[in-house]
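Worksheet: the structure to be examined is printed underneath.
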Amino acid sequence: MMTLYSGTTCPFSQRCRIVLYEKGMDFQITDVDLFNKPEDLAVMNPYNRVPVLVERDLVLYESNIINEYIDDRFPHPQLMPADPVMRARARLFLYRFENELFCHVDTLEKGNAKTVDKARQIIRDNLTVIAPVFAKQKYMLGEEFSMLDVAIAPLLWRLEHYGIELPRQAAPLAKYAERLFSRPAFIDAMTPSEKVMRK
């Protein structure tokens, strides 16, 4: 049985919870209080951060690595593209999400007014750039829900919470976000603290 050590308000943990629920498999979630972390977390993850996945002797951290492992181990429904070219492209997108969007999450949660404002603007601009894609397609890679949708969903859910307002031209992205939020696995994977992040 897999155990996920998950932060109740951590967007990276939410990604892993979504994948576990999408797969509909047997797993256990251990909630970690981010302000009072258990001592064994630092033993499992040298960075002392969640999420951490434990399965027998295997200990994994970093949400994208955890999610690819779950996807390989339980291939239905497959969330990473089967084709090597598409898979490589998907990994590149995931890498870009980390470097252009999610690297600012820490600042949004812990920064001062000036750095928070800058982080908000960077995220807003980056999201506005990708918005037109969703006027033509349902999900990030086309018609099929994939790991890219999983990766970005926690950020889209937190936009209001982070004080990020999207401009009118980002309307297709807002519609896309609603599609993600209405998936049963997304709803099931949410913690009570996450549910109250949006009105």
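So the values come out like this:
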item	result
The range 17-35, residues that are of a type in the set (Asp, Glu) and either in contact with a Leu (Cβ under 9 Å, 6 or more places away or on another chain) or free of Cβ contacts under 8 Å to residues at least 60 places away in the same chain (or both)	22, 26, 33
Residue tally, condition within 18 Å of residue 154 (Cβ to Cβ), in contact with a helix residue (DSSP H, G or I) (Cβ under 9 Å, 6 or more places away or on another chain) and not β-branched (Val, Ile, Thr), over the range 32-59	3
Test: residue in the range 95-107 that is within 22 Å of residue 67 (Cβ to Cβ), outside any helix (DSSP H, G or I), in contact with a helix residue (DSSP H, G or I) (Cβ under 9 Å, 6 or more places away or on another chain) and not small (Gly, Ala, Ser)	yes
Which listed residue is within 16 Å of the chain's Cα centre (by Cα) and among the basic types (Lys, Arg), from 195, 136, 175	195
Single match in 152, 130, 122 (criterion: within 22 Å of residue 199 (Cα to Cα), of a type in the set (A, V, I, L, M) and outside the structural domain of residue 13 (by TED's automatic domain parsing))	152
Leading residue by the ranking (farthest from residue 5 (Cα to Cα)) among those in the range 91-122 that are under 14 Å from the mean Cα position of the chain (by Cα) and among the aliphatic types (A, V, I, L, M)	101
Any hit, the range 131-150, residues being small (Gly, Ala, Ser), within 16 Å of residue 15 (Cα to Cα) and surrounded by 19 or more Cβ atoms within 10 Å (Cβ to Cβ)	yes
Among the residues listed as 119, 113, the single one being under 25 Å from residue 49 (Cα atoms) and buried (at least 16 other Cβ atoms within 10 Å of the Cβ)	119
Sole exception among (1) at pLDDT below 95; (2) loosely packed, with under 14 Cβ neighbours inside 10 Å for residue 85, by number	(1)
Some residue of the range 66-80 being part of a strand (DSSP E or B) and either buried (at least 20 other Cβ atoms within 10 Å of the Cβ) or in the same structural domain as residue 145 (by TED's automatic domain parsing) (or both)	no
Flag if residue 147 is more than 21 Å from residue 50 (Cβ to Cβ) and not basic (Lys, Arg)	no
Hits in the range 1-32 - residues which are at pLDDT 95 or above, surrounded by fewer than 22 Cβ atoms within 10 Å (Cβ to Cβ) and of a type in the set (Asp, Glu)	31
Pairs with Cβ under 7 Å, 6+ apart, first in the range 143-159 and closer than 11 Å to residue 94 by Cα, second among the basic types (Lys, Arg) and modelled with pLDDT of 95 or more	150/15; 151/15
Filter result for residue 188 (acidic (Asp, Glu) and within 24 Å of residue 22 (Cα to Cα))	yes
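Residues are listed down the side, and each one gets a yes or a no for (1) of a type in the set (Asp, Glu); (2) over 24 Å from residue 161 (Cα atoms):
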position	(1), (2)
106	yes, no
112	no, no
116	no, no
120	no, no
135	no, yes
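The values are calculated or read from the model by the stated rules, or taken from the named source; none is laboratory data. What you are looking at is a predicted structure, and each value in this text was computed from that prediction instead of being measured. So basically every Cβ, Gly included, is an ideal-geometry build from the backbone, and we count neighbours across all protein chains shown.
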